[in-house]
Amino acid sequence: MGGIPKFCLPLTESQSLLEWHIERMRLCCDRIRVCTRSNWIPIVQAMKVSDVELIAIEPSTMSDALARMWMNPGDRHIIGMPDTYIHESDGLFYTQLRDSTAQVTLAAWPCHADLMGRVGQLDIANDGVVVDAQDKAPGCPYPFMWGAMALDGDIAIDRALGTPSLQIKPWIAAGLNVRAVRATGMYMDIGSVSGLKLLYKSL
């Protein structure tokens, strides 16, 4: 955002967006990997998050970065996006993802009006099964959106696609067990100035 890495935007005097996510991942993850551009590595190091693995990846798509950070086939991967914030969250959405037994699990929040058509939206059955998914589809009426994801380690990320959001529908079609967990709070995308204004207004 204007040359500033969004993950370093402050939430408090002592905590950035990235640190907020890492704090919640520590509750349920054995290892935490963070990728960013090589010239931004010192910014992360200055945050004193020494217990994470830093990986330098130059400008890339989300799917390509994930594929390059993938661990072992037997590992369960939990994916977060540190340019987001969940207002009034109980902080347990990553733990909810860890505890799911589905092959693909999505942390889902109500999709408020200003984000509809701009994010990955979900049609979720009453039992939590994800029936359909649309990514950045104008006019999409689905009432939920996803903002974090857990994948079994044998599920491949397609590096040719810009985002794993585009794989959700094919995973459903392939018969994988794709489920959603309802997370608390209000999801905020800090990828725009309007989202940033909403963040600081809520704080």
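Taking the Cα centre of each part, how many Å lie between region 147-170 and region 88-146?
About 14 Å separates the Cα centre of region 147-170 from the one of region 88-146.
Among Val193, Val52, which comes first, second and so on when ranked by fewest other beta-carbon atoms within 10 Å?
With the sparsest Cβ surroundings first, the list reads Val193, Val52.
Long-range amide H contacts for Ile124: which residues qualify at under 5 Å (H placed 1.01 Å from N, peptide plane, sequence gap of 5 or more or a different chain)?
Amide H neighbours of Ile124: Val131.
Show that you can apply the helix-only estimate: for the chain, add -39,500 (n - 2.57) for every DSSP H stretch of four or more residues, divide by all residues, and state [θ] at 222 nm to the nearest 500.
So the helix-based figure for the chain works out to -6000 deg cm²/dmol.
How about region 23-110: which GluC sites (Glu not before Pro) there are in a DSSP loop, with at most 12 other Cβ atoms within 10 Å of their Cβ?
Taking region 23-110 and a limit of 12 other Cβ atoms within 10 Å, the loop GluC sites (Glu not before Pro) found are Glu88.
Explain nothing, just the number: relative contact order of the chain, from Cα pairs under 8 Å at least 6 residues apart, as a whole percent.
That works out to 25 percent.
With 30 Å as the limit, write out which pairs from Lys136/Lys201; Lys169/Lys197; Lys6/Lys136 have Cα-Cα distances beyond it, or answer none.
Those over the limit are Lys169/Lys197.
Readers should treat all values here as calculations from the given coordinates under stated rules, not as data from a laboratory. As the structure is a prediction and not an experimental result, all values here were calculated from the model. No Cβ is skipped: glycine too gets one built from the backbone with ideal geometry, and neighbour counts run over all protein chains shown.
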